[in-house]
Structures are given as structure tokens and as C-alpha cells.
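The values are calculated or read from the model by the stated rules, or taken from the named source; none is laboratory data. It should be emphasised that the depicted structure is a prediction, and the values quoted were computed from it without experimental measurement. All Cβ positions, even for glycine, are placed from backbone atoms using ideal geometry, and neighbour counts span all protein chains on display. The protein model used for the area step is the full one, side chains on, heavy atoms only, and it has no ligands, DNA or RNA in it. Shrake-Rupley method; radii C 1.70, N 1.55, O 1.52, S 1.80 Å.
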Amino acid sequence: MKRILCVFAFVAILATGTAFADHPDGWGVGIVGNLSIHHDRDGHGVHAGLGGIGLSLKIPAVPIYWGFFLRGLGEKHSGGGVTGDYYFIDDHIDGPWHWYFGLGGFFNLDVHKHTYANKDYTYNWMNFGLRIPIGVSVQPMDWFELFIQAVPSVGLAAWGDGTYKDESGKKLGREPESYFFWGVPIEFGIRFWF
């Protein structure tokens, strides 16, 4: 409990003492990509891969930086997710360079289709939790921004039931389960401000 209070106190100090909005005040619209390093369910280790591509959106007067991601729209896999981040620190470094630090959340949902023993089945996977964006951006012009950020994330993940029985009555496929999830997505993209 003391650790949680210390974290909240640290965030409050950052938010009141050193937080300065350095991004433009208007609309920010762009494209964001995601490379993910994450821990899979117990016993399956750490994996890396493309986490998706999506829309980056900042609405005027709303202090949240949104991301809307797609991860495939194919026959075997389709999914997507949403992120929302609030920057406690959004400060100028030098010239066109800026840095930021914040706290946010994420939610992802995927549908997988597989074939075992000549039978098709479908199962769902989802995860949600907290994320801490830490990034740098460069704005060579007021209306154009390039950014990259590391986003340590923690949360819960769950597989929905995707099992079926074969001719002998044996269950095949994926049993439902939930587990602790962590990852460090690397996000990069461009935004246009107007």
C-alpha cells in the first residue's frame, strides 16, 4: 500500500509542478505503428512482433492522446484495440525536440480461427490494463510531428473457449483461461496538427 501511495504522490508532483503542455492545442491526426515485446501466458515465454497499425488522434480541449489499432482483417485472424494516454509531462528539450511522460490504458480484442483434425473452431482473446508512455517527438514545423515512445504496460489477458470434441469425444482446441500480461510496445508515427 505504501508503494502505491508513493507512486500516486510522485505522479501528483509531476502533474502539478513540472507538467507543461508543449504539443499544439488543435486537432492532431496521424498514423501510428506498434512493435510489441510481450509476455505470453505462463510457460510460453517472451515474444516480439508487429502489434498493428492505426490512427493517432488528439481532440482539442480533451487531454487524451488516442490510438485506434487494427491487427489483421483476414480469414484466420482479425482484431484491434484502443489506447488512451494522458501526459503528465509534455516539455520542450531543445529546438524542435520535445519529450513526454504519461499514464494511460489499453483494450485489445482478437478473433482467431484454427483448424484441428479437419475441423474449424474459433476463439476470442482480449487484454486490458495500464500503460506508461515515455516518448520523444520532433516538430520541425508547427503542423508536423514525428514521435517514438516506449510504453511499459501491465494488465490481464483472457482466452475465450474455443474447444470442440472430436469423433472419440476428446476435447481439442483452446480451453478458456486468464493470466497476468505485461509488455513493452514501441510505438512510432506521425501526426499532423491543424
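Could you tell me whether any residue of segment 121-132 is outside any strand (DSSP E or B), of a type in the set (S, T, N, Q) and out of contact with any Cys (no Cβ under 6 Å at 6 or more places or on another chain)? No, segment 121-132 contains no residue that is outside any strand (DSSP E or B), of a type in the set (S, T, N, Q) and out of contact with any Cys (no Cβ under 6 Å at 6 or more places or on another chain). For segment 50-66, check the following and say yes or no: at least one residue is part of a strand (DSSP E or B), closer than 21 Å to Ala158 by Cβ and either open to solvent by 40 Å² or more (accessible area, probe 1.4 Å) or free of Cβ contacts under 8 Å to residues at least 60 places away in the same chain (or both). Checking segment 50-66: at least one residue is part of a strand (DSSP E or B), closer than 21 Å to Ala158 by Cβ and either open to solvent by 40 Å² or more (accessible area, probe 1.4 Å) or free of Cβ contacts under 8 Å to residues at least 60 places away in the same chain (or both). If you check Phe147 against the conditions, is it at negative phi, open to solvent by 70 Å² or more (accessible area, probe 1.4 Å), out of contact with any helix residue (DSSP H, G or I) (no Cβ under 9 Å at 6 or more places or on another chain) and part of a strand (DSSP E or B)? So Phe147 does not fit the description; no.
Could we say that Phe188 is open to solvent by 90 Å² or more (accessible area, probe 1.4 Å), within 23 Å of Leu103 (Cβ to Cβ) and part of a strand (DSSP E or B) here? Answer is no for this residue.
Annotation note: of Ser153, Ser137, Ser168, the sole residue that is open to solvent by less than 50 Å² (accessible area, probe 1.4 Å), more than 14 Å from Tyr65 (Cβ to Cβ) and of a type outside the set (Phe, Trp, Tyr) is Ser153. Given the criteria more than 15 Å from the chain's Cα centre (by Cα), closer than 24 Å to Gly52 by Cα and among the basic types (Lys, Arg), does Arg191 qualify? For Arg191, the condition - more than 15 Å from the chain's Cα centre (by Cα), closer than 24 Å to Gly52 by Cα and among the basic types (Lys, Arg) - is met.
This table checks each residue for (1) of a type in the set (Gly, Ala, Ser); (2) at pLDDT 85 or above.
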site: His112; (1), (2): no, no
site: Leu130; (1), (2): no, yes
site: Gly135; (1), (2): yes, yes
site: Glu145; (1), (2): no, yes
site: Phe194; (1), (2): no, yes
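Which residues, taken from segment 69-103, are surrounded by fewer than 15 Cβ atoms within 10 Å (Cβ to Cβ) and under 12 Å from the mean Cα position of the chain (by Cα)? Answer for segment 69-103, where residues must be surrounded by fewer than 15 Cβ atoms within 10 Å (Cβ to Cβ) and under 12 Å from the mean Cα position of the chain (by Cα): just Leu70.
Picking from residues in segment 40-49 that are under 19 Å from the mean Cα position of the chain (by Cα) and assigned to a loop (DSSP other than H, G, I, E, B), the one that is modelled with the highest pLDDT is Asp40.
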